[in-house]
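A short worksheet on the structure shown next.
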Amino acid sequence: MKKFKFGDIKIKKADPQMLTDKLLLVNLYITQGLTLFIGLIWILLQKRNPFDILNFPAGYKFIYWGLGLAAVMLVVDFILTHIVPEDSMDDGGINELLFGKRPLWHIVIIAAVVSVCEELLFRGAIQYAFGPYWTSIIFALIHVRYLRHWVPTGWVFLSSYGLGYIYIHSGTIWAPILCHFFIDLFSGLVIRYRRES
């Protein structure tokens with residue numbers, strides 16, 4: 001039996017153009033499924049009920065928190081795209097591949113799946129254990145495609161911190177879920193329809 005050596009592992013930069021649409025979607029849904037699974041297990045290990053966390057609030061205050069932060073984030077993102085060089089905001093073309101040819105209904109589904117799965121893990125489980133600061137560092141590190149440039153990495157960190165802030169102040173996970181959904185939906189639609197025009 002041959003002995004395994006970690007030094008034999010070669011890591012090379014993945015070229016997004018080598019991804020097929022099917023492979024990209026399979027990767028997206030598998031990672032989101034794992035995110036949801038890890039989030040649920042972590043919440044259960046904290047001796048908390050995921051259904052209590054996902055309990056829909058009686059009032060509408062969470063909508064103001066979620067859409068308010070989404071509006072602020074979209075304005076800041078708009079400003080960043082106009083003052084920061086385009087190559088400094090590059091995600092390697094993944095978002096373009098993901099949303100560029102996607103039908104509207106599928107963009108809505110992707111935004112919904114990603115927002116629920118990621119917020120349940122990051123706000124529902126990790127933030128409960130470590131607080132919004134460390135959660136935001138982990139959130140930024142998980143979004144590896146942005147780590148090559150400090151501006152998008154910092155922006156992902158600040159966005160995550162904002163999501164953690166509205167989770168604390170609204171008292172419901174639905175505020176960051178709504179914000180995350182709206183940001184992903186809006187971004188996906190901009191990529192999709194900017195491409196057509």
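For the chain, the pair-distance distribution built from all alpha carbon pairs, in bins 5 Å wide starting at 0, is 1, 7, 13, 18, 20, 16, 11, 6, 3, 2, 1, 0, 0 percent. The calculated FRET efficiency for the pair residue 28 and residue 141, based on their C-beta separation and a Förster distance of 22 Å, comes to about 0.75. Kindly write out, for region 163-170 in residue order, the coupling ³J(HN,Hα) from the Karplus curve 6.51 cos²θ - 1.76 cosθ + 1.60 (θ = phi - 60°), rounded to whole Hz, with x marking Gly and Pro. Rounded to whole hertz, the list is 5, x, 4, 6, 5, 5, 7, 8. Protection proxy ranking for 67-74, 99-106, using the average of other Cβ atoms within 10 Å per residue and placing the highest first: 67-74, 99-106.
Per Stokes-Einstein, at 37 °C and 0.692 mPa s, what whole-number D in µm² s⁻¹ belongs to region 124-189, with the Kirkwood radius over Cα pairs as the hydrodynamic radius? For the chosen part, D equals 269 µm²/s. The distance from the alpha carbon centre of region 49-87 to that of region 118-140 is 15 Å, rounded to a whole number. Split the accessible area of the chain by element, probe 1.4 Å, and carbon with sulfur accounts for 70%.
Please work out the average accessible area per residue across region 140-187, using the 1.4 Å probe convention, and give it in Å². Can you show the working numbers first?
Details: 2260 Å² over 48 residues.
Counting only protein heavy atoms, the per-residue value for region 140-187 is 47 Å².
Dipole magnitude for the chain: computed about the Cα centre from +1 point charges on Lys and Arg Cβ and -1 point charges on Asp and Glu Cβ, it is near 680 debye.
Quick one: which of 111-118, 59-66, 48-55, 175-182 comes out on top by average Cβ neighbours within 10 Å, and what's the full order, highest first? Write down the numbers at each step before the final one.
On the way: 111-118: 20.9, 59-66: 16.6, 48-55: 13.2, 175-182: 25.2.
Highest mean packing first, the order is 175-182, 111-118, 59-66, 48-55.
The loop-placed trypsin sites (Lys or Arg not before Pro) in region 106-157, going by DSSP, that have at most 16 neighbouring Cβ atoms within 10 Å of their Cβ come out as 148.
If r is the Cβ-Cβ distance from residue 18 to residue 193 and R0 is 25 Å, what FRET efficiency results, to the nearest 0.05? Mind showing how you got there, number by number?
Values: r = 26 Å, r/R0 = 1.03.
Once the sixth-power term is evaluated, E becomes 0.45.
At an R0 of 30 angstrom, the distance between the Cβ atoms of residue 44 and residue 108 translates into a FRET efficiency of 0.55.
Which order, highest average first, do 80-86, 158-164, 41-47 follow once you tally other Cβ atoms within 10 Å for each residue and take the mean per peptide? Please list the in-between numbers first.
Numbers: 80-86: 10.1, 158-164: 22.0, 41-47: 13.3.
Packing proxy ranking, top to bottom: 158-164, 41-47, 80-86.
The values are calculated or read from the model by the stated rules, or taken from the named source; none is laboratory data. All values reported here derive from a predicted model rather than from experimental measurement. Neighbour counts are summed over all protein chains in view; Cβ atoms, including those assigned to glycine, are modelled from backbone coordinates with ideal geometry. To get the accessible areas, we keep the full protein, side chains included, count just its heavy atoms, and leave off ligands, DNA and RNA. Shrake-Rupley method; radii C 1.70, N 1.55, O 1.52, S 1.80 Å.
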